[in-house]
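Values quoted throughout were computed directly from the atomic coordinates according to the rules given, and no laboratory measurement underlies them. Treat the numbers as computed from the prediction; the structure is a model and nothing was measured. Here the Cβ positions follow ideal geometry from the backbone for every residue, glycine too, while neighbour counts run over all protein chains shown.
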Amino acid sequence: METDGNSTHPSRRLFTIAAASTAASWIMTACGPKRLYEAPKDRLRAAIKEMESKYSKLHGKKVTVSDAGPIPGVEFAYALDISRCIGCRRCVYACVAENNQSRDPQIQWIRVMSMEKDKGVDFSHANAYYNPAEVPQEGHFYVPVGCQHCENPPCTKVCPTGATWTERDGIVVIDYDWCIGCRYCMAACPYGARHFNWEEPTIPDQEFNPNTHYLGNRPRTKGVVEKCTFCIQRSRAGRYPACVEVCPVGARKFGNLLDKDSEIRYIIEHKRVLVLKEELNTVPRFFYFYAT
Amino acid sequence: MRLFAIRVLASGVVLAVGASLAGDGAKPPSPPSGTTAKTVPERLDVPPPPFSEGIFPCSNCHAGMPVDRTRRNLEAMHSDIVLKHDETHRWCLDCHDANNRDFLHLASGERVPFEESYRVCGQCHGEKLRDWRAGVHGRRTGNWNGAKGYLLCANCHNPHQPRFHALAPKPAPMPPSRTMK
């Protein structure tokens with residue numbers, strides 16, 4: 001057997017390069033402000049305390065900022081029944097109220113698309129600005145679209161500052177303090193789910209929801225991107241997201257993908273299920289289904 | 001040839017081991033205990049049935065009245081009820097119990113209280129009842145991993161006219177504008 005030391009063992013130069021780059025990257029990440037999960041617990045607590053008092057002063061009511069982490073053994077998924085949705089937009093406004101979205105300029109995390117039954121699920125003919133006296137309109141069906149919480153999210157990959165990532169329970173989150181507003185993620189998202197604060201957001205004090213989460217509905221500032229978090233402040237406390245509870249036709253379903261007795265598993269196992277833009281291999285955790 | 005056979009055998013063993021390992025690995029972690037009820041109970045906690053004001057108990061009026069089983073237009077009372085629910089085949093006493101008006105009844109004749117009216121509906125709409133029990137049909141409130149709020153069929157669907165009425169939609173989103181403040 002012939003042996004060739006040069007080809008099977010790394011050269012000294014290669015080793016030096018690898019060691020130097022490792023050291024450089026360690027130094028770069030160790031310096032500077034800490035990210036959410038790298039910060040020591042007590043420092044995070046102090047930062048949150050500071051946030052709470054700042055927001056309470058801003059809105060004239062007691063605001064709490066939760067930092068509840070993912071629940072072990074839980075991976076969230078969502079399902080929406082296209083055969084039931086009537087396009088009434090109750091979910092849009094429940095979401096705005098729950099998640100403290102700016103009223104002016106208007107930001108809405110959910111966009112309800114009206115589509116023609118003849119054309120099927122087709123975004124090139126969809127209309128988000130439909131405004132008839134009554135819904136559903138003859139010959140139309142409705143597809144509400146928000147963040148799909150992809151398992152293979154294009155948005156988090158392009159973030160230059162690591163301000164957006166996927167949590168262990170499947171929620172794609174944004175740390176507004178790390179977002180620099182470059183909007184690469186918005187360009188990368190094929191669902192138009194991310195929204196940019198072009199102006200300082202305005203929310204009337206009496207409508208402000210004081211039950212907030214660090215990665216969710218705490219107040220944002222001008223120049224940051226925001227999006228659906230499956231109502232992280234509610235779902236991590238065991239509750240349904242606001243849109244699920246408000247839907248008058250019961251089209252919205254939410255649960256734990258890892259629990260075989262959950263609603264979501266029942267839907268995937270028993271109903272016709274689809275995801276939007278499957279060909280992009282984003283692997284959404286947001287499913288659409290037909291119950292009838 | 002023998003070498004080939006051995007290779008095939010070996011790869012088979014590797015595959016088998018790999019499959020068993022993958023099987024173990026792919027098993028989803030068991031959900032935290034007590035997150036979900038394992039079996040849905042036969043009776044569910046539901047809000048009270050949406051009776052019209054002062055209409056229940058029905059026996060207040062019906063107790064002393066003779067039972068008239070002939071199919072007819074109601075004129076003296078209940079004229080506000082318009083039946084649009086398979087009305088060519090159904091009539092009041094197909095669901096309401098003639099002998100005790102405070103109850104409904106199944107096709108078998110079994111009496112069912114109004115609080116369990118879903119059993120009456122489920123006789124025809126069996127797949128809806130199944131979905132509803134699983135939490136998939138109907139509106140849910142409460143906790144995804146705990147106490148879930150269920151509604152009776154009749155809380156959303158008028159039993160006499162079960163089809164949903166059209167709703168006025170909330171305002172459309174503002175189209176994007178190019179002007180900045």
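Positive end of the dipole of the protein assembly as shown (Cβ unit charges, origin at the Cα centre): among A:Thr166, B:Leu104, B:Pro162, the Cα lying farthest that way belongs to A:Thr166. One compactness figure for the range B:67-172 is 1.26, namely its Cα radius of gyration divided by 2.2 N^0.38 Å.
The Rg/Rh ratio for the range A:107-231 is 1.01, where Rg is the radius of gyration of the alpha carbons and Rh is the Kirkwood radius.
Relative contact order of the range A:97-205, taken over Cα pairs closer than 8 Å and 6 or more residues apart, is 31 percent. Measure nothing fancy, just the Cα-based angle from helix A:41-59's long axis to the longest principal axis of chain A, in degrees from 0 to 90, nearest 10. Between helix and principal axis, roughly 30 degrees. Beta bridges per DSSP, both residues in the protein assembly as shown: antiparallel share near 80 percent.
Under 24 Å of direct C-alpha separation, and excluding same-chain neighbours fewer than eight residues apart, A:Lys260 reaches these lysines: A:Lys271, B:Lys27, B:Lys38, B:Lys128, B:Lys148.
Give me the angle, in degrees from 0 to 90, between the Cα long axis of helix A:12-30 and the longest principal axis of the Cα atoms of chain A, rounded to the nearest 10. Long axis of A:12-30 versus the principal axis of chain A: about 50 degrees. In terms of the ratio Rg/(2.2 N^0.38 Å) built on C-alpha atoms, what value belongs to the range A:76-290? It is 0.98.
Straight-line cross-link partners of A:Lys49 among the aspartates and glutamates, defined as a Cα under 13 Å from its Cα and at least 8 positions apart when in the same chain: A:Asp67. Rounded, prolate or oblate for the protein assembly as shown? Axes are the square roots of the Cα gyration tensor eigenvalues, ordered a ≥ b ≥ c, and the cut-off for rounded is a/c under 1.5. Because a/c hits 1.5 or more and a/b exceeds b/c, the protein assembly as shown counts as prolate. Take the range B:53-121, drop everything but the C-alpha atoms, weight them equally and run the Debye formula without solvent; then report log10 I(q)/I(0) at 0.13, 0.23, 0.27 Å⁻¹ to two decimals. Debye curve over Cα of the range B:53-121, log10 I(q)/I(0) at q = 0.13, 0.23, 0.27 Å⁻¹: -0.38, -1.30, -1.58. Other protein chain C-beta atoms within 10 Å of residue C-beta, averaged over A:250-256: 5. Under the combined filter of DSSP loop state and at most 16 neighbouring Cβ atoms within 10 Å, the range A:50-108 retains these trypsin sites (Lys or Arg not before Pro): A:Lys61, A:Lys62, A:Arg103.
Across the range A:76-290, C-alpha contacts under 8 Å between residues 6 or more apart give a mean separation that, scaled by the residue count, equals a relative contact order of 31 percent. Per-residue packing, averaged as other Cβ atoms within 10 Å, sorts the ranges A:106-113, A:141-148, A:187-194 into the order A:141-148, A:106-113, A:187-194, beginning with the highest. The range B:56-111 and the range A:127-169 have their alpha-carbon centroids 48 Å apart. Seen from every direction in turn and averaged, the convex hull around the alpha carbons of the range A:173-284 projects onto 9.1 nm².
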